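Worksheet for the structure shown next.
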Amino acid sequence: MATDHPTELGPLGPRLSTGRVLGLLALATPVAAAGWITGTGFVRAFVEDACGPERSCGGLDVAVHLAGGLLCWLAALVGTATTAHGDGPLDGDSATSDRGVLLGCVALGLVGASFADNTFHPWLLAPVAPLALATIGLDRFGARRWRTTRTEQLRAAEQERRLAESGVTAAGTVVGVAGDGSTHDGDPVLRLTVEFTTPAGTVHTTTVTGAFPAPGGPRRGSPAEVRYDPDDPSVARATVTDPGPDDAVPTTTPGAAPPEIVDGLERLAALHRQGALDEVEFALAKAQLLGRAPEDRRPALP
C-alpha cells in the first residue's frame, strides 16, 4: 500500500493514509458501475429477449453499453492505481502491486456485472473470492518490497550524512576489477574493489560500481580517494581517480612495456578485430593483462 508518510514503516510495511482509504472507497462504486454497464452490453448482445419479448436490442444500444462500460472501467482503474500508488513518482517503486490493483478492480467489476441488465447472475461471483485473496496477497508483497527499498534508501542517506559530517578522507588503491558484461553508453560497467588503510594501520576494502572508459579505464593499482566513517570504516565511499593520458594503454614503442606485455596486447587486438572478443571482453582482458604487468616484470627464479 502507499503512504503519505514514507518514513513511518510498520511491521508489515507502509499503510494508506486516511485520505487515500476514503479515495479508494469512493472509487469502488465507479468500478462496480463500469462492470454493470459492460455486463449489460454483453447480455443484450448475446441473450435473446434481453430487452423484452416483443423487441430485440438495437446494435447502437449494445455498442453504447460496451464502449461506455469499458471506458468507465479504464478511467476507474487509472484513478484507483493513481490513488493507491501513493506520493512517489509514477515511474518509481510503489508500495502497491499494480497487478493487485488490477485484480481488485476486476473483482469489483464482476460484482457489478453479476447484476447486469437488472438480472442476478450468481455464476459471475465465483471468481470474486479468489481474486480478492490474490489482491490481498499481492498488496502485502508490494508493501514488503516497498519497505525493503525504502529502508535501503534511508540507510544510504544516513551513511551519506555521516560521511559528509564526520567522514575522513584517505588514499586508496584499486585491488580488483570485475565486470558482468554490461555497458553504459558504450563503456563497460565495472565493479572495483578499493583498499585503504586507516591511521590506526587497519586495512579495509570498499567497492564502487560504474561505467568507465575503455581504453584508459581503472585497473589494479589505479589510485582512488576514499571517504570513510572513522567510527565504522565499513561505511565508506570510494572515488576512482580518472586516469590521465599517461595511464592509458602502452604503445609498442621500445622500452614502453616488456615484450611479453606488447605481445599479449597484440594478440588481444587481433582477437578483437576477428570478432572473437567483444568490446567489454577486450577491455576487461586488456585491463587484467596490464594489471599483471608488475608481476610479469619480476625476474624468474633460477
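The values are calculated or read from the model by the stated rules, or taken from the named source; none is laboratory data. Just so you know, these numbers come straight off a predicted model, no measurement behind them. Every residue, glycine as well, gets a Cβ built from its backbone with ideal geometry; the counts of neighbours run over all protein chains shown. Ligands, DNA and RNA are excluded from the accessible area calculation, which covers all protein heavy atoms including side chains. Shrake-Rupley method; radii C 1.70, N 1.55, O 1.52, S 1.80 Å.
Taking residues in the range 8-32 that are modelled with pLDDT of 75 or more, and partners anywhere that are open to solvent by 60 Å² or more (accessible area, probe 1.4 Å), the pairs with Cβ atoms closer than 6 Å and at least 6 places apart or on different chains are 28/108; 31/108; 32/108.
Every listed requirement among (1) in contact with a strand residue (DSSP E or B) (Cβ under 6 Å, 6 or more places away or on another chain); (2) at pLDDT 85 or above is met by residue 287 save one, (2). Regarding residue 182, is this residue hydroxyl-bearing (Ser, Thr, Tyr) and touching an Asp or Glu at 6+ places or on another chain (Cβ under 9 Å)? It is false that residue 182 is hydroxyl-bearing (Ser, Thr, Tyr) and touching an Asp or Glu at 6+ places or on another chain (Cβ under 9 Å). Within the range 163-200, being outside any strand (DSSP E or B), open to solvent by 50 Å² or more (accessible area, probe 1.4 Å) and without any contact (Cβ under 8 Å) to a residue 60 or more places away in the chain holds for 164, 165, 185, 199, 200. Among the residues of the range 141-161, just one is surrounded by 15 or more Cβ atoms within 10 Å (Cβ to Cβ) and within 24 Å of residue 204 (Cβ to Cβ), namely 159.
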